[in-house]
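Participant: My questions will all concern the structure given below.
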Amino acid sequence: MIDATLLLPLLIIGAAALLAAVFGLPSLNRRLNITRLSWFLALAPLTATILLALRVPQVNEGIVFTWQWTWLPTLNLNLGLYVDSLSLLFALLVTFIGTLVVVYAGQYFKGDQGAWRFLAYLLLFMVSMLGLVTAGDVLTLFIFWEGTSILSFLLVAYKTQSEAARYGAFRALFITGGGGIALLAGLLFVSNVAGGTDFGTILSSGDVLRHSAVYPVMLGLVAFGAFTKSAQWPAHIWLPGAMSAPTPASAYLHSATMVKAGIYLMARMNPALGFTDEWFWLLTIFGGVTMLVGAYLGLKQNDLKALLAYSTISQLGVLMMLIGQDVPEAYKALVIGIVAHAFYKSALFLVAGIVDHETGTRDIRRLGGLRKVMPYTFVVGTLAALSMAGLPPLFGFLAKETLLVTITNMPPAVAGLIRWSAVLAGALMLAQAGLFIWETFMGRPKDPAIQAHEAPAAMWLAPAVPAVLSLVLSILPGPKEEATFLASAAQAAFGAKVKVSTVLFHGLTVEFLLSLAAISLGVVIFLARWRIRAWQTAVLPHFSFNKLYAWVLAGIDRASVWATCLQQGRIRPYLHLMLAATVLLVVGFGWNSLRFVLPISWPGLDFGGEIVVLRLFALLLVVGASLMTVILVRDFNAVLAFGAAGLSMAVLFVLEPAPDVALVQIVVDILAVVILVLALARLPRRQRRKAQEVAAIRRYSGWSLARDVVVAGAIGLVVTLITLSALLSRPRESAVTPYYAANAKALTGASDIVGAVVVDFRALDTAVEIAVFGMAGLGIYTLLRFAAQKHGDNRVEEEEMAAGDGRQSTYGIGGLRTSAFVRAPAFVVLPLSLVLAATQMMYGHDQPGDGFTAGVIISLAVALWYVVFGYEETRRRLPWLRASAFVAAGVLLAIGTGAVAALLTGSFLGNYDFTAGWAFMPSGFHISTSFLFEVAICLTVLGSAARMINSLGHPEGRERD
Amino acid sequence: MELLTAVSVGLLFAIGVFQMLRRNVIRSVIGLMILANAVNLFLLSTGAYDGVAAAYTTSSGARSDALPQALILTAIVISMGGTAFVLAMLYIISARYHTADLDEVNGLKN
């Protein structure tokens, strides 16, 4: 049944959290009364409880409420809710106990102006927890699951000044967070196999999941997540550490709700993953060990909260074990155990908090005799402790008895062992409950310094509610509504009918006798408690899993130290590592697709065609010239060799034949060489000399050279293989080129197909590209100007000012004297380049050349001026050359043209001929949007390239010694 | 021809990477530009058609593939801008460390 009102409880509590957070504002914080605020905020979980409780009759009839919101349809990601009786049971516990805890926290933090933070965290936690138990999608569940981990961290570390709190919080986050990662992996496996992430799909595909080959993997991962969250041995160590949280948080998170998340998850997944041998053994063993370890360790604690923490661990072990059984009685025991434990344990925690709050200590060696000064707290505590001890007529008795019934129904091989373990654990629990009450409230005060008085009513009423419920639930006569609800919840977890009755006495059965045995044994342990505790401290005092945890953390630290050894802080080793890793990755993962090219046959080269010979020759030139950049010792020569390689590339383009590309390649190659030379000239002479020294191959040690050669060679080999496989398997029929060829003239008015693609079909690409090019120019300008200011050498400027007497026109770049024979052509070249550029743009549509070539041609002429006349003179003679303005104008013109074209043709940067049909236009020339776009490209490129030349040619950065 | 092209691209890559690994700033920029050339050569060779005529609607005979050519055109421009920017950055770095030797640029460590 789809029902969006399910979101209401989440939203209401979320709003309350927001309201609490608002009180962090200084102006509001001054007027904050935390007690009054908590009363008001408690209305939110209370409302949620009522809203949820109203659905109990419907879920009892087996109705499942769902709601789904498609979040990312392409990835099939949904947010979803799924509420059946199992979810509702947990949700009610979360909101109901949450209400009490919020009220209690208001008293606990009375007068603390900073406690809005606690309330905000607590309510946010409530949202996460409620979301977790009502999630209808494994990913939704995971998000809320992580939310509870993070908020638990914040709550445990609430007292940020305390080292223990921070340590405990980190440990809890480390363990539960690690479990969360495993859980995510497990849930992804599950949803992949089940074919959907929603619980509806997953819960109904149990057979598919159980017979899947990856069943052990997903079971292990999911169980790992649940075990860490629910503090199962040996991950239980985080729970006692989390006791450094303020007591309201401990009562809520670490007894009633968060630690039950793992229980909920496993119970939820039981219909999907359960009923197998693996499931049985995994949960029985870990649950059983946890039960015993928790019960055993709890007895030796001196801190009230630690004692409760270990008994919680023990109880969680019991619940986990119960989920592992595939008999209906186990699920009856499970739901009763969950409710009983949530009630008595939250009450006991809150009582411990009251004791701590009123006396200032939780150490049972200092407490005692409090029953006289704190009578109400004493009664409430005793009631809850009796339930924990499993004594009739309380709900806890029922829980223990149903547990024992389950065990008598087990296969006989394990039943005996588990039965007596359960009896022993029950006895230990009873002893601990006795310890808790006796040492705190009975006897005589052990520490006279403690001045205690009764807590305010609102404080002891909070634990009183669940404590009294423990009694009422079991002794209430008549037809029991809650029994029906519990049965329905158990049925949802078990997948088949479960009978639940809350009748206390069934007659003289085996489990009743076992119950009696547990009680008697517990009384004996309680009476001998000091002797047993002394013995416990003597035996194995040193070993604990905390050591293992500390060792693991230290190991991680050491591993990270080792890993950062690779961080040498120098560029070349990083490059080596990255390149080598790339090679390994490509070969490792791509070998199968690359292998097919290996039986290389020597190509039957047809030397008949002269094109082939020319191509071969050009390839040889490219590779050879590139190789020369390595061999040549002087940097200037290497730059020239690179220029030669670029020109040889142009030859290859011509042979393709690709005249447009060849033209661009030639002009860009020249521009690149100019820029490289300018940069070279800009380097201070001393550095240049040093650079020259390290450029020579023979200066490298054999080892470092070998490393470079191996890395470079490996890259080359891999690239060869990739290229070969790409070329051999490429389609010989293009999917798009025929369309371009057929429509170029009609749609863009260009007979140059490449030009049509650049300025029309893929015009947006080009627009972005010129923007990038423009930004590169401006970026260089900013970089170099910034550096020039920061590391500028004032000496240079002074020298320049001294030279500023009109003679500088005879000095070219680098302060070299240029002759008139060089200067004269420069005057001619610039206007010539402008004309050339104009024709490029006008006729680029039907001939090689475009706006880009035009821009580069003009900038090359400008570069010549810089070389011949020097920086200052060029700036003076060419005042119109405003590089940044050109870039801006170019980009704006491109956008404007695109917009106009969009208006006229309906397509951004589409082609529209303004002069169509005009008789007096020169033939082949049209003023069209494409032409304007070419102008825009030219302006941007000219501006940017001029910026580059200008910045690199600027004398400030150059050392003139 | 494919094998020879592939070997050439591989060789250019090897040379480019080797140059990038030099200590000399200028050489490493040259290495970057050689890599750009290698990629352009690769793009060129991926054309679907072996043409004998340029890609014009007016030309007759088998036309070369226009698509990789347009891509290369863009690639040339972008790599030019990118390389110039890298050059400026390397210049700044060497100005800050007062060296053009990349092995003496070790500020990442501290």
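The values are calculated or read from the model by the stated rules, or taken from the named source; none is laboratory data. Note that the structure is a prediction, hence the values are computed from the model and not measured. Virtual Cβ from ideal backbone geometry, glycine too; neighbours counted across all protein chains shown.
Participant: Within region A:285-307, how many residues are within 36 Å of the chain's Cα centre (by Cα) and more than 28 Å from A:Met269 (Cα to Cα)?
Facilitator: 2
Participant: Here is a follow-up. Can you name the residue in region A:672-683 that is of a type outside the set (Val, Ile, Thr) and not in a loop (DSSP other than H, G, I, E, B) and is also farthest from the other protein chains (Cβ to nearest Cβ) among such residues?
Facilitator: A:Ala681
Participant: Then there is this: If you go through region B:64-97 one residue at a time, how many are facing another protein chain (nearest Cβ under 7 Å) and either within 30 Å of A:Ala741 (Cα to Cα) or outside any helix (DSSP H, G or I) (or both)?
Facilitator: Total meeting the criteria: 14.
Participant: Does A:Ala422 meet the test of being touching a helix residue (DSSP H, G or I) at 6+ places or on another chain (Cβ under 7 Å), modelled with pLDDT of 75 or more and outside any loop (DSSP other than H, G, I, E, B)?
Facilitator: Details: touching a helix residue (DSSP H, G or I) at 6+ places or on another chain (Cβ under 7 Å): yes; modelled with pLDDT of 75 or more: yes; outside any loop (DSSP other than H, G, I, E, B): yes.
The answer is yes for A:Ala422.
Participant: Moving on. Restricting attention to region A:86-96, does a residue exist that is surrounded by 24 or more Cβ atoms within 10 Å (Cβ to Cβ) and in a strand (DSSP E or B)?
Facilitator: No, region A:86-96 has no match at all.
Participant: When residues of region B:41-63 are filtered for being of a type in the set (S, T, N, Q) and at the interface with another protein chain (Cβ under 7 Å from one of its Cβ atoms), how many remain?
Facilitator: Residues flagged as of a type in the set (S, T, N, Q) and at the interface with another protein chain (Cβ under 7 Å from one of its Cβ atoms) within region B:41-63 amount to 4.
Participant: So is A:Ala691 part of a helix (DSSP H, G or I), under 25 Å from A:Arg634 (Cβ atoms) and facing another protein chain (nearest Cβ under 7 Å) or not?
Facilitator: yes
Participant: Right, B:Leu44: in contact with a Pro (Cβ under 7 Å, 6 or more places away or on another chain) and assigned to a helix (DSSP H, G or I) or not?
Facilitator: Considered against the rule, which asks whether it is in contact with a Pro (Cβ under 7 Å, 6 or more places away or on another chain) and assigned to a helix (DSSP H, G or I), B:Leu44 comes out as yes.
Participant: Further, regarding this structure: For region A:51-80, which positions are touching a Phe, Trp or Tyr at 6+ places or on another chain (Cβ under 8 Å), among the aliphatic types (A, V, I, L, M) and in a loop (DSSP other than H, G, I, E, B)?
Facilitator: Hit for region A:51-80 is A:Val64, nothing else.
Participant: Let me ask something additional. Looking only at region A:547-602, which residues are among the basic types (Lys, Arg) and more than 28 Å from A:Trp238 (Cα to Cα)? Walk me through it before giving the result.
Facilitator: Our first condition is that a residue be among the basic types (Lys, Arg); within region A:547-602, this holds for A:547, A:558, A:570, A:572, A:595.
Listed by number, the residues that qualify are A:Arg570, A:Arg572, A:Arg595.
Participant: So if I check each of B:Ser79, B:Ser59, which one is under 15 Å from the mean Cα position of the chain (by Cα) and among the hydroxyl-bearing types (Ser, Thr, Tyr)?
Facilitator: So the residue among B:Ser79, B:Ser59 that is under 15 Å from the mean Cα position of the chain (by Cα) and among the hydroxyl-bearing types (Ser, Thr, Tyr) is B:Ser79.
Participant: Take region A:439-450 and flag every residue that is surrounded by fewer than 24 Cβ atoms within 10 Å (Cβ to Cβ) and touching a residue at least 60 places away in the same chain (Cβ under 8 Å).
Facilitator: A:Glu439, A:Met442, A:Gly443, A:Arg444, A:Pro445, A:Lys446, A:Asp447, A:Ile450
Participant: Just the residues that are outside any loop (DSSP other than H, G, I, E, B) and acidic (Asp, Glu), please, taken from region A:431-474.
Facilitator: Across region A:431-474, the qualifying residue is only A:Glu439.
Participant: Every residue in region A:567-601 that is hydroxyl-bearing (Ser, Thr, Tyr) and free of Cβ contacts under 8 Å to residues at least 40 places away in the same chain, please.
Facilitator: Result: A:Tyr574, A:Ser601.
Participant: Which of the residues spanning region A:327-359 are closer than 30 Å to A:Thr276 by Cβ and either free of Cβ contacts under 8 Å to residues at least 60 places away in the same chain or hydrophobic (A, V, I, L, M, F, W, C) (or both)? Spell out how you get there, then give the answer.
Facilitator: As a first pass, look at region A:327-359 and keep what is closer than 30 Å to A:Thr276 by Cβ: A:327-342.
The answer is A:Val327, A:Ala330, A:Ala333, A:Leu334, A:Val335, A:Ile336, A:Ile338, A:Val339, A:Ala340, A:Ala342.
Participant: Name the residues in region A:558-580 that are surrounded by fewer than 10 Cβ atoms within 10 Å (Cβ to Cβ) and part of a helix (DSSP H, G or I), would you?
Facilitator: Scanning region A:558-580 gives A:Val561, A:Trp562, A:Ala563, A:Thr564.
Participant: Further question on the same structure: Kindly provide the set of residues from region A:149-191 that are not in a helix (DSSP H, G or I) and not small (Gly, Ala, Ser), ordered by number. Steps first, please.
Facilitator: Step one: list which residues in region A:149-191 are not in a helix (DSSP H, G or I), which gives A:157-162.
Across region A:149-191, the qualifying residues are A:Tyr158, A:Lys159, A:Thr160, A:Gln161.
Participant: Related question: What about A:Leu239, is it surrounded by 17 or more Cβ atoms within 10 Å (Cβ to Cβ) and without any contact (Cβ under 8 Å) to a residue 40 or more places away in the chain?
Facilitator: No, not satisfied.
Residue-by-condition table, conditions (1) hydrophobic (A, V, I, L, M, F, W, C); (2) in a helix (DSSP H, G or I):
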{"position": "A:Ile715", "(1), (2)": "yes, yes"}
{"position": "A:Ala750", "(1), (2)": "yes, no"}
{"position": "A:Val759", "(1), (2)": "yes, yes"}
{"position": "A:Ile770", "(1), (2)": "yes, yes"}
{"position": "A:Gly774", "(1), (2)": "no, yes"}
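Participant: Also: Please count how many residues of region A:581-597 are loosely packed, with under 11 Cβ neighbours inside 10 Å and within 12 Å of chain B (Cβ to nearest Cβ).
Facilitator: 0
Participant: Please name all residue pairs, on different chains or six or more residues apart, with Cβ atoms under 8 Å, provided the first residue is in region A:18-34 and is in contact (Cβ under 8 Å) with a residue 24 or more places away in the chain and polar (S, T, N, Q) and the second residue is surrounded by 12 or more Cβ atoms within 10 Å (Cβ to Cβ) and not in a helix (DSSP H, G or I).
Facilitator: Filtered contacts from region A:18-34: A:Asn29/A:Phe23.
Participant: Could you check region A:267-299 and list, in sequence order, the residues that are surrounded by fewer than 20 Cβ atoms within 10 Å (Cβ to Cβ) and among the charged types (D, E, K, R)?
Facilitator: Those that are surrounded by fewer than 20 Cβ atoms within 10 Å (Cβ to Cβ) and among the charged types (D, E, K, R): A:Asp277, A:Glu278.
Participant: Quick check on region A:741-761: of everything there that is of a type in the set (D, E, K, R) and within 18 Å of A:Thr853 (Cα to Cα), which residue is nearest to the other protein chains (Cβ to nearest Cβ)?
Facilitator: A:Asp752
Participant: A:Pro738 versus (1) within 8 Å of chain B (Cβ to nearest Cβ); (2) more than 37 Å from the chain's Cα centre (by Cα): which is the lone unmet condition?
Facilitator: (1)
Participant: Being within 30 Å of A:Glu693 (Cα to Cα), buried (at least 23 other Cβ atoms within 10 Å of the Cβ) and more than 7 Å from chain B (Cβ to nearest Cβ) narrows it down to one residue among A:Asp635, A:Asp669; which is it?
Facilitator: A:Asp669
Participant: Now a separate question. A:Val709 - would you say it is surrounded by fewer than 22 Cβ atoms within 10 Å (Cβ to Cβ), facing chain B (nearest Cβ under 10 Å) and more than 28 Å from A:Leu860 (Cα to Cα)?
Facilitator: yes
Participant: Select from region A:1-50 the residues that are hydrophobic (A, V, I, L, M, F, W, C), part of a helix (DSSP H, G or I) and either in contact with a strand residue (DSSP E or B) (Cβ under 9 Å, 6 or more places away or on another chain) or farther than 16 Å from A:Leu123 by Cα (or both) and list them in ascending order. Break it down stepwise before answering.
Facilitator: To start, the set of residues in region A:1-50 that are hydrophobic (A, V, I, L, M, F, W, C) comprises A:1-2, A:4, A:6-8, A:10-13, A:15-23, A:25, A:28, A:32, A:34, A:37, A:39-44, A:46, A:48, A:50.
Those still in the list that are part of a helix (DSSP H, G or I) too: A:4, A:6-8, A:10-13, A:15-22, A:28, A:34, A:37, A:39-41, A:43-44, A:46, A:48, A:50.
A:Ala4, A:Leu6, A:Leu7, A:Leu10, A:Leu28, A:Ile50 - these are the residues of region A:1-50 that are hydrophobic (A, V, I, L, M, F, W, C), part of a helix (DSSP H, G or I) and either in contact with a strand residue (DSSP E or B) (Cβ under 9 Å, 6 or more places away or on another chain) or farther than 16 Å from A:Leu123 by Cα (or both).
Participant: Taking the options A:Val633, A:Val677, A:Val623, name whichever one is under 18 Å from B:Ala38 (Cα atoms) and aliphatic (A, V, I, L, M).
Facilitator: Sole residue among the options that is under 18 Å from B:Ala38 (Cα atoms) and aliphatic (A, V, I, L, M): A:Val623.
Participant: Right, something else. If only one of A:Trp918, A:Trp880 is out of contact with any helix residue (DSSP H, G or I) (no Cβ under 8 Å at 6 or more places or on another chain), aromatic (Phe, Trp, Tyr) and modelled with pLDDT of 85 or more, which one is it?
Facilitator: Unique residue meeting the criteria: A:Trp880.
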